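The values are calculated or read from the model by the stated rules, or taken from the named source; none is laboratory data. Note that the structure is a prediction, hence the values are computed from the model and not measured. Cβ placement follows ideal geometry from the backbone for every residue including glycine, while neighbour counts extend to all protein chains displayed.
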Amino acid sequence: MVKIAVCGAAGRMGGRIIAAIRESEGVELSGALERPGHPMVGQDAGYNAGLGAIGVLISDDLNATVQGCDVLIDFTAPKVSLKNLEVCALYKKSIVIGSTGFTPEERALAAELAREIPVIIAPNMSVGVNVCFKVLADVAKILGEDFDVEIVEAHHRLKKDSPSGTAVRMGEVVANALGRDYNQVANYHREGICGERTHDEIGMQTVRGGDIVGEHTVYFIGMGERIELTHRAHTRDMFSRGSVRAAKWVVTAKPGVWDMQDVLGLR
Ligand SMILES: NC(=O)C1=CN([C@@H]2O[C@H](COP(=O)(O)OP(=O)(O)OC[C@H]3O[C@@H](n4cnc5c(N)ncnc54)[C@H](O)[C@@H]3O)[C@@H](O)[C@H]2O)C=CC1
Ligand SMILES: O=C(O)C1=N[C@H](C(=O)O)C[C@H](O)C1
């Protein structure tokens, strides 16, 4: 039985992950974490999951919660996730990180902290998006230099980071397939007389509003035709099911940073 603790337990994802753990075989919820001072600290973790009382109280004691689990699932924010990773490394526990918005420097620090424990960091835990990552590389390679690439993502009004981690990963996959450096060719901002589009750039556009769960479209735009690859999330439950699948996988993985392509065997 894999003991899973959830960090961000009062959040939109935290509640769904707790529900997914309760529905899954071979795993149990060993703990639930929230930030110190959060009003749900001390409350039963089942309430945010729509389960009623399940006998696991939300705690703000990171060290004790990590020591009591085999793997921590963390859907919070980059700086919080890095602290959680540090504590998991201290106690030799695995961690699954779903948080997005990491800077390149933070991603490098995560890799450093992951030297001695198995870590999964994935901007999107759904099977569908990870299949998109896989096919995007092939589509970009086949279409080559004659198609301009633009990415548009849409999320709910409460999302704090932009563009989404999924959109950034899509841009990285396409840029790599075309032999480009994403950090050099990503164009996040077009305003005023901004000049003609350069050949190599990848436009990154963001829509925020309402309760959109998560939508991503990659446009391959040629002269006379275009291809659009779109993924639409209907609920958060495929993210939460993916995170539990990742937690069961990572506890027997070798140390280092892995992602959902490894969990799903898509490499
Ligand atoms: N990888 C994936 O498949 C997905 C990733 N995400 C990402 O997950 C993150 C969280 O998303 P949501 O759940 O929608 O956000 P949210 O804001 O609803 O939940 C985040 C939770 O973390 C808690 N938190 C903040 N600091 C903390 C600390 N020091 N210790 C413990 N808990 C702390 C907050 O109080 C909040 O309850 C975002 O970065 C989002 O982009 C969201 C959905 C899917
Ligand atoms: O904040 C969200 O909600 C989501 N964030 C992730 C991202 O930034 O890619 C994954 C998903 O799109 C939902």
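Restricted to region 1-47, and to residues there that are within 16 Å of ligand 2 (Cβ to nearest atom) and in a loop (DSSP other than H, G, I, E, B), the residue that is farthest from residue 122 (Cα to Cα) is 10. Scan region 107-132 for residues that are in contact (Cβ under 8 Å) with a residue 24 or more places away in the chain and either within 16 Å of ligand 1 (Cβ to nearest atom) or under 17 Å from residue 77 (Cα atoms) (or both) and the total you get is 18.
Of the set (1) part of a helix (DSSP H, G or I); (2) under 24 Å from residue 203 (Cβ atoms); (3) in contact (Cβ under 8 Å) with a residue 24 or more places away in the chain, all apply to residue 150 but (1).
Restricting attention to region 204-233, the residues being exposed (fewer than 13 other Cβ atoms within 10 Å of the Cβ), of a type in the set (Gly, Ala, Ser), more than 18 Å from residue 141 (Cα to Cα) and in contact (Cβ under 8 Å) with a residue 40 or more places away in the chain number 2. For residue 246, state whether it is in the same structural domain as residue 135 (by TED's automatic domain parsing) and under 30 Å from residue 115 (Cβ atoms). Taking the combined requirement at face value, the residue does not satisfy it. Within region 157-165, one or more residues are polar (S, T, N, Q), buried (at least 22 other Cβ atoms within 10 Å of the Cβ), within 21 Å of residue 77 (Cβ to Cβ) and out of contact with any helix residue (DSSP H, G or I) (no Cβ under 8 Å at 6 or more places or on another chain).
Looking only at region 192-203, decide whether some residue is within 15 Å of ligand 1 (Cβ to nearest atom), of a type in the set (Asp, Glu) and either in contact (Cβ under 8 Å) with a residue 40 or more places away in the chain or surrounded by 11 or more Cβ atoms within 10 Å (Cβ to Cβ) (or both).
Step one: of region 192-203, the residues within 15 Å of ligand 1 (Cβ to nearest atom) are none.
Scanning region 192-203, I find no residue that is within 15 Å of ligand 1 (Cβ to nearest atom), of a type in the set (Asp, Glu) and either in contact (Cβ under 8 Å) with a residue 40 or more places away in the chain or surrounded by 11 or more Cβ atoms within 10 Å (Cβ to Cβ) (or both), so the answer is no.
The residues on offer are 251, 244, 174, and the sole one that is buried (at least 19 other Cβ atoms within 10 Å of the Cβ) and more than 16 Å from the chain's Cα centre (by Cα) is 174.
Table: residues versus (1) near ligand 2 (Cβ under 9 Å from one of its atoms); (2) of a type outside the set (Gly, Ala, Ser); (3) outside the structural domain of residue 87 (by TED's automatic domain parsing); (4) under 24 Å from residue 256 (Cβ atoms).
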residue: 120; (1), (2), (3), (4): no, yes, no, yes
residue: 139; (1), (2), (3), (4): no, yes, yes, no
residue: 142; (1), (2), (3), (4): no, yes, yes, no
residue: 168; (1), (2), (3), (4): yes, yes, yes, yes
residue: 192; (1), (2), (3), (4): no, no, yes, no
